[in-house]
Ligand SMILES: NC(=O)c1ccc[n+]([C@@H]2O[C@H](COP(=O)([O-])OP(=O)(O)OC[C@H]3O[C@@H](n4cnc5c(N)ncnc54)[C@H](O)[C@@H]3O)[C@@H](O)[C@H]2O)c1
């Protein structure tokens, strides 16, 4: 009986999405050709090193990467073209950089062109990056036309919005329902086969690729808006002396209500930029979006609210002294190593530019900053304020012994943006004040 040959898949861009996605394909038995343009990152990956904090059923991504490299079925290559030529299908997970919320699609366009030129007969090109609506048609379909390859005839082309959350990637690649959009039935069918190679979740298909692109963008926008609701609720509850987390807990007992929680702001590359993907589409169609713009402004202002609060407490506590602020957690969300567009980083920058002495720690974030150190003891020593901005396991262990905080200035404030201490109980015996967002 003849067996079908294993899938050969190229994954272009081995970042937060592409690395675990490529490893999920490897785990399912595919031969993987990962393309990564960044030589430093490529070198680390080839040595089995990654700073990402993903795990699959408790097995860390580093161990999975090393197993994959040892198997001889997982290759790290420098170019999208080379990876595409080696494979039957290519998934593109290149990100879109931005400056002042303006997107720069040139890296993605370059990668798509490289892949389109290299794709042989019957090759599937699956774009999985989050894109402004219209990108697949303009930057993939038209490039294929330019290189003389007809989608659905010579090659296949489809769009698949990526919906995973960092930290849950392996689980969600297999279990999160998938959306697929393509311009023709044959491409949709081939994309379904390649996606089904790893996913056991449902696959919703559409021949409106723009609808698939928009569905992803609006998923992110609605999370941004929901978090803005929680932030505004938090301010109102604080003024009224009501516990915002209690309000949210009670409201969420309603089966059709799902309020999110307030925090230090909205970070990472997905949510804060979601509106930058949607606005050009709305504006091109002469539609105003006042609600979405207001929500974005609310979330963008939270780091300043937190920094002002810390400086005000320090000035009241120790007039004439330089405010000393310790910060725990720099990642854009709990238990992540991702500090891209991270509100905690912004809080530190605002504090430093307001003249405070900032001492921040986050054992999971690899980047260095002028105000970042290694030791929680160093950070809290003599501090007027300790800000808890994102959780990490090592910091939780350290804080499980609140006596460590006795090293802070008497009367110092613990400003808790992650509901870490819930009530602040136990801090008073160390002469500490407590404020929860
Ligand atoms: N990070 C997430 O949790 C997440 C979730 C859902 C969707 N997304 C979307 O997925 C896409 C990827 O996000 P990410 O967080 O993995 O980004 P990332 O920046 O971590 O990874 C992208 C990688 O692509 C590489 N790259 C750029 N051009 C290349 C080229 N021509 N050839 C090969 N490699 C190239 C970059 O060096 C980088 O390592 C984005 O569109 C993002 O919006 C991300």
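The values are calculated or read from the model by the stated rules, or taken from the named source; none is laboratory data. Just so you know, these numbers come straight off a predicted model, no measurement behind them. Using ideal geometry, Cβ is built from the backbone for each residue, glycine included, and neighbour counts are taken over all protein chains shown.
Brief remarks follow.
- Which numbered condition residue 185 misses (of (1) more than 16 Å from the ligand (Cβ to nearest atom); (2) surrounded by fewer than 17 Cβ atoms within 10 Å (Cβ to Cβ); (3) under 30 Å from residue 298 (Cβ atoms)): (3)
- Residue within the range 39-48 that is outside the structural domain of residue 339 (by TED's automatic domain parsing) and assigned to a strand (DSSP E or B) present: no
- Any hit, the range 125-143, residues being under 11 Å from residue 209 (Cβ atoms), surrounded by fewer than 23 Cβ atoms within 10 Å (Cβ to Cβ) and in contact with a strand residue (DSSP E or B) (Cβ under 7 Å, 6 or more places away or on another chain): yes
- Highlighted here are the strands (runs of 3 or more DSSP E) found entirely within the range 329-424 that include at least 3 residues which are free of Cβ contacts under 8 Å to residues at least 40 places away in the same chain and over 21 Å from the mean Cα position of the chain (by Cα): 357-361.
- You will find that of 169, 228, the residue that is assigned by TED's automatic domain parsing to the domain that holds residue 267 and closer than 30 Å to residue 301 by Cα is 228 and no other.
- Qualifying residues in the range 92-120 (those that are within 18 Å of residue 150 (Cα to Cα) and assigned to a loop (DSSP other than H, G, I, E, B)) - the one farthest from the ligand (Cβ to nearest atom): 120
- Unique match (being under 28 Å from residue 51 (Cα atoms), more than 12 Å from the ligand (Cβ to nearest atom) and either in contact with a helix residue (DSSP H, G or I) (Cβ under 8 Å, 6 or more places away or on another chain) or not assigned by TED's automatic domain parsing to the domain that holds residue 333 (or both)) among 86, 129: 86
- Residue tally, condition touching a helix residue (DSSP H, G or I) at 6+ places or on another chain (Cβ under 8 Å) and either free of Cβ contacts under 8 Å to residues at least 40 places away in the same chain or not in a loop (DSSP other than H, G, I, E, B) (or both), over the range 155-176: 10
- Comparison of 64, 9 shows that the only residue that is surrounded by 21 or more Cβ atoms within 10 Å (Cβ to Cβ), over 18 Å from the mean Cα position of the chain (by Cα) and farther than 24 Å from residue 125 by Cα is 64.
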